[in-house]
Ligand SMILES: [Fe+2]
């Protein structure tokens, strides 16, 4: 139970719980927020597994260093973004830009690193500068999605599991390079990482590497014990692109889906019915909630419980990210 008998409850309109200096009875300075978080961290993390996300608003979080200080002190299990598939820059001590994907494109909702077996349990986003227009972070509930999905999709995904395939070039090509993905230039470090994480690797022509990861589609949350839809199959599939890009990829790879920058099949290598992805995306659209940023906002999110994405935006936008095991 949190101090002052505050027990976090989902808000009526289903948006994330919003905590302000007034609502938790402290001042707006970072040291006060940190002290409050540290006193209540066990209860907050437990509540987070059922609430999904908590938004802290109205605190004096102004610079990247402010966020770094909070991220370092609130949860010591910070992790790197090794094996990630989104373009982002590493700042100091495992804080990253949230993504450097083009501003005019919508980033579809996903559970971070769910194709890996080293995924973050929790994440923290911080808005240093909100966009002039757009740029919200939509979130959606993986427990609700699992409940709403047609039974035949859930059963087939669960029974067969998934195989995520990535082809990572060595500097020039579509998608990220293996050096950027694994934060190293040393091949043996890539191989060691793959061995440690049950990832299959194969070096292919022109110094590229093909990674295959066999993972379940549904996982159980370690704190809440809840079964959750926890995969990125819809995002790895070519149908995630618009029609022009799909046609371009088909032409470039001439039907050789295994050579695309990324692809997904069932765990037995059979192809997934594309109509399933249409259904999954339709349901995510129905249940997603946009988190509109105000500069200084901090969102603590349970990565297993909630997916996240990014709306297009105009103007400068700085949202930082850190991940916790
Ligand atoms: Fe992400």
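Inside segment 219-235, residues that are under 22 Å from residue 46 (Cβ atoms) and touching a helix residue (DSSP H, G or I) at 6+ places or on another chain (Cβ under 8 Å) make up a count of 8. Restricting attention to segment 298-325, the residues that are within 20 Å of residue 49 (Cα to Cα), away from the ligand (no atom under 13 Å from the Cβ) and crowded, with 17+ Cβ neighbours inside 10 Å total 6.
Which condition does residue 15 not pass, out of (1) at positive phi; (2) modelled with pLDDT under 90, if it passes all the others? Of the numbered conditions (1) at positive phi; (2) modelled with pLDDT under 90, the odd one out for residue 15 is (1). Of the strands (runs of 3 or more DSSP E) lying entirely inside segment 140-234, the ones with 1 or more residues being under 21 Å from the mean Cα position of the chain (by Cα), in contact (Cβ under 8 Å) with a residue 40 or more places away in the chain and over 28 Å from residue 48 (Cα atoms) are found at 162-168, 208-215.
Right, residue 276: outside any helix (DSSP H, G or I) and at pLDDT 95 or above or not? In short, no. With respect to residue 255, is the statement that it is at positive phi, over 24 Å from the mean Cα position of the chain (by Cα) and in a loop (DSSP other than H, G, I, E, B) true? Spelling it out, residue 255 is indeed at positive phi, over 24 Å from the mean Cα position of the chain (by Cα) and in a loop (DSSP other than H, G, I, E, B). Of all the numbered requirements in (1) touching a helix residue (DSSP H, G or I) at 6+ places or on another chain (Cβ under 6 Å); (2) farther than 30 Å from residue 46 by Cβ; (3) surrounded by 17 or more Cβ atoms within 10 Å (Cβ to Cβ), residue 185 misses one, and that requirement is (3).
Could you grab me the full set of residues in segment 116-139 that are in a loop (DSSP other than H, G, I, E, B) and either under 30 Å from residue 222 (Cα atoms) or out of contact with any strand residue (DSSP E or B) (no Cβ under 8 Å at 6 or more places or on another chain) (or both)?
116, 117, 118, 119, 120, 121, 130, 136
Restricting attention to segment 98-118 and to residues that are more than 13 Å from the chain's Cα centre (by Cα), at pLDDT 75 or above and within 14 Å of the ligand (Cβ to nearest atom), the residue that is farthest from residue 283 (Cα to Cα) turns out to be 101. Against the numbered list (1) surrounded by 13 or more Cβ atoms within 10 Å (Cβ to Cβ); (2) at pLDDT 90 or above; (3) in contact with a helix residue (DSSP H, G or I) (Cβ under 7 Å, 6 or more places away or on another chain); (4) part of a helix (DSSP H, G or I), residue 39 comes up short only at (1). Remark: pairs (first residue in segment 96-112, more than 12 Å from residue 81 (Cα to Cα) and assigned to a loop (DSSP other than H, G, I, E, B); second residue within 7 Å of the ligand (Cβ to nearest atom) and modelled with pLDDT of 95 or more; Cβ separation under 9 Å; 6+ apart in sequence or on different chains) = 111/308.
Checked against (1) part of a loop (DSSP other than H, G, I, E, B); (2) modelled with pLDDT under 95; (3) within 13 Å of the ligand (Cβ to nearest atom), residue 93 meets all criteria but (3). Would you say residue 246 is closer than 27 Å to residue 168 by Cα, part of a helix (DSSP H, G or I) and touching a helix residue (DSSP H, G or I) at 6+ places or on another chain (Cβ under 8 Å)? Judged against the criteria, residue 246 is a match.
The values are calculated or read from the model by the stated rules, or taken from the named source; none is laboratory data. Predicted, not measured: the structure shown is a model, and the values here were computed from it. Using ideal geometry, Cβ is built from the backbone for each residue, glycine included, and neighbour counts are taken over all protein chains shown.
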